[in-house]
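The values are calculated or read from the model by the stated rules, or taken from the named source; none is laboratory data. Since the structure is predicted, the reported quantities are computational estimates derived from the model, not experimental observations. Note: ideal-geometry Cβ built from the backbone for every residue, glycine included; neighbour counts use all protein chains shown. Ligands, DNA and RNA are stripped out before the accessible areas are found, and what is left, the full protein with its side chains, is counted by its heavy atoms. Shrake-Rupley method; radii C 1.70, N 1.55, O 1.52, S 1.80 Å.
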Amino acid sequence: MREDMKLVIADTFSKMLEKEDIDKITVTKLIGECHISRQTFYYHFRDIMDVLDWTFRRSTQELAQRSLEAEDPIGALTAYVAFVRQHKTKLKKLLYSRRWVQIEAMLTEAVMIYLAELARGKGKDISVSVDDLEVMLRFYASGMVGVLLQYVGKPHLDEEKLVIQMEKIITGKMFPGNQT
């Protein structure tokens, strides 16, 4: 029951974030929408930012899992594009919030989970140190998140083409002649 109430609060918060800026969502408004007591809210969360953190962390963990279950890089990248498209209104509202750095980091970590698994699959082909691999994964993940946030939601965007372009970059097909 405890986890169910946490989900109710998080889902209600997420719906409110579709309509209002984060700075306008208060505990009072949220508990009113959830029809719960202040005590129930504080049993599950410390404050609104804790709800935001928990909600996005849960979403990005689910996203990472979906990407790992995809049959190929195209399927995984399509999941990331769909996630950003689905949450673009919320992401835009959070862009200038105090927690944007954490939100972007959560998205980057979700991408890194997938890329690390992809790298493990090619492990015999990759001869880099653990430190170099960490930097490479962070570089690609940060770049992917940046591209997703800038492109998804733009009018007339060909999402399939974007997915194929990103797949070419992360698999090395974009610059096949530069392989040493």
Would you work out the Kirkwood radius for region 68-131? I mean one over the mean of 1/r across all pairs of different Cα atoms, in Å. 13.6 Å
Springs between alpha-carbon atoms under 10 Å, Gaussian network over the chain: tell me which of Leu162, Leu133, Leu63 tops the mean-square fluctuations. Leu133
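Rounded, prolate or oblate: pick one for region 79-173, where a ≥ b ≥ c are the square roots of the eigenvalues of its C-alpha gyration tensor, a/c under 1.5 means rounded, and failing that, prolate if a/b is larger than b/c, else oblate.
Verdict is oblate for region 79-173.
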Helix check for the chain. Which DSSP H runs span at least 15 Å along their own axis by Cα, with a mean Kyte-Doolittle hydropathy no less than 0.0? 73-86, 100-121, 130-151, 159-171
Treating only the Cβ atoms of Lys and Arg (+1) and Asp and Glu (-1) as charged, compute the dipole magnitude of the chain about its Cα centre; round to the nearest 20 debye. 480 debye
For the chain, what does -39500 (n - 2.57) per DSSP helix run (n ≥ 4), summed and divided by total residues, give at 222 nm, in deg cm²/dmol to the nearest 500? -24000 deg cm²/dmol
Region 5-48 shape via C-alpha gyration tensor axes, a/c threshold 1.5: prolate
The chain, accessible surface, carbon-and-sulfur percent (1.4 angstrom probe): 53 percent
Of the candidates Glu71, Glu109, Glu20, which one comes out as most mobile in a Gaussian network treatment of the chain with C-alpha springs shorter than 10 Å? Glu71
Given bins 10 angstrom wide, list per bin the percent of all Cα-Cα distances in the chain, short to long. 9, 33, 30, 18, 8, 2, 0
Considering only protein heavy atoms, what is the solvent-accessible area of Leu107 at a probe of 1.4 Å, reported in Å² to the nearest 10? 10 Å²
Give or take rounding to whole Å, what are the principal axis extents of the alpha carbon atoms in region 1-101, in descending order? 46, 33, 20
How much accessible area per residue does the chain have, in Å², with a 1.4 Å probe? 61 Å²
